[in-house]
Amino acid sequence: MHLKEQWIREGFSSYYVVKKEQKLTYEKNILYNHTLPCLLPCEFRIEDGEEYYYYETGIYTKLKDRISMLEPKLFFAYLLEVFEQVVSYLLELDHLKLDLESMFLDKENRPVLCYLPEYEKKIDEQLRDFIEECIEYISGDDKKRVRFYYEFHSFLIKEKPNMEQMKDYLEVRSEKMNSEILREKIKNEESKSAQNMQENLSDLIRDEKDSPEKDEIKIYEKTPKRILILIGKIISVVGCFCSILGIVYFVLKIFEYGFYYLFLIGSLVSIAGLGVSVYGCYKLWKKNKNPKTFVDSWQKTENAAELLDEKTILLEDEDDRTVLLLEEPIGRLVPKNPEQKEIVLDDDGFVIGSSAQGTDHQLEGTGISRRHIRFYKEDGNVCCEDLDSTNGIKINGVKLNGKKNKKAVLKEGDCIKIGLEEFYFKQD
């Protein structure tokens, strides 16, 4: 769209001037009264019978001069806020001008845009073009910043997101933008930590005061347990004697009066009682022989080897030992740049990308997608697969990208290019 525009300077003020050709009422009032601080303030002047927009730019900093110093996630989060404010006043986003020349920053590094009713272009296209312009302008030495712009650009092309989806993508922005919430969180954490310290100190003081009481409680708890074991032994021994006497008594009665059913039942009950009493004696004797020893102090742990009973056996044969089986690596990626570290592909289905989540190895570099490449084994061969990355993969100069050409079988010494990073494949 061709606009009759010019940049002029009047004294200490600078203006962006565009000829007005449309009749406006609502939008003119908003621009003239400067209702939205995120938009450039505008004056309407008549010269030679024609009306012009005079956007004042001298009170702001050009985005072009600061773009390489801004945190990109935070900046785009602020930009989404501007979009929401513009929409809340029923203004069209397509009339905003998104380019480095027409965008400015206020004192808090928040974007200030030019709303020009004479200009119209879809906002999603403008946003993509603006990111491309930023990529060309910023320094390539800052790999993290360049990677963000590349990934955000590919996200806009592939997903074609709405405002909410872009907010979810720029998830970091809410914590950095809401400084008041952050301050409250810090205050709460400090107060909580102070309370925890006070509680810990008070607990320590109580423990020191109550330590003799606790020792007395332990002794008191152990004493009734020993008494119960002793009573159980006495009852078992008495039960054995009573059962033996009962058996003798009922056997004599059977010999004297014959197999009367009451004598038979009495003899069977006596035999059962004898069995229960003998079993009880055996369990209590065994428990007393191998008591459970509790290590409740540091001094007792010094002689921990003496606390092992005779049933502890040390297995010396290799066949009897438990062996931990580790999966062998399927290969290695040796970087072409000697300053970088070697990547060990230590399992089947090894994923490399720029994101820390959903990957086995995070690779920082230009042109690397969040989940870029996957290595796996198939029919005994090591293969690689492109995970719908933006810039694809090159194997010995041949690019892997697209629905049909996504996989390749790797051989020893193959050159793999992931984004702008090059590696040589070594198979162990």
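The values are calculated or read from the model by the stated rules, or taken from the named source; none is laboratory data. Values in this document were obtained by computation on a predicted structure and should not be read as measured data. Because the Cβ atoms are built from the backbone with ideal geometry, glycine has one as well, and the counts that use them run over all protein chains shown.
Summary table
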read-out	value
Long-range neighbours under 7 Å by Cβ, at least six apart or interchain, first residue surrounded by 20 or more Cβ atoms within 10 Å (Cβ to Cβ) within region 96-113, second small (G, A, S) and at pLDDT 95 or above	none
Matching residues in region 52-70 - criterion: being surrounded by 15 or more Cβ atoms within 10 Å (Cβ to Cβ) and more than 12 Å from P111 (Cβ to Cβ)	Y52, Y53, Y54, Y55, E56, T57, K64
Residue within region 139-152 that is among the small types (G, A, S), under 23 Å from the mean Cα position of the chain (by Cα), within 25 Å of G367 (Cα to Cα) and modelled with pLDDT of 60 or more present	no
Residue check, V146 under 30 Å from E421 (Cβ atoms) and among the aliphatic types (A, V, I, L, M)	yes
Subset of region 400-428 (residues that are among the small types (G, A, S) and part of a loop (DSSP other than H, G, I, E, B))	G402, G413, G419
Filter result (among the small types (G, A, S) and more than 25 Å from H153 (Cβ to Cβ)) within region 343-396	G349, G380
Looking only at region 232-291, and only at residues there that are basic (K, R) and under 60 Å from the mean Cα position of the chain (by Cα), the one that is surrounded by the most Cβ atoms within 10 Å (Cβ to Cβ)	K233
Some residue of region 213-230 being of a type in the set (F, W, Y) and either in the same structural domain as F152 (by TED's automatic domain parsing) or modelled with pLDDT of 60 or more (or both)	no
Candidate set from region 374-406 (those that are among the charged types (D, E, K, R) and closer than 22 Å to E151 by Cα); member that is surrounded by the most Cβ atoms within 10 Å (Cβ to Cβ)	D386
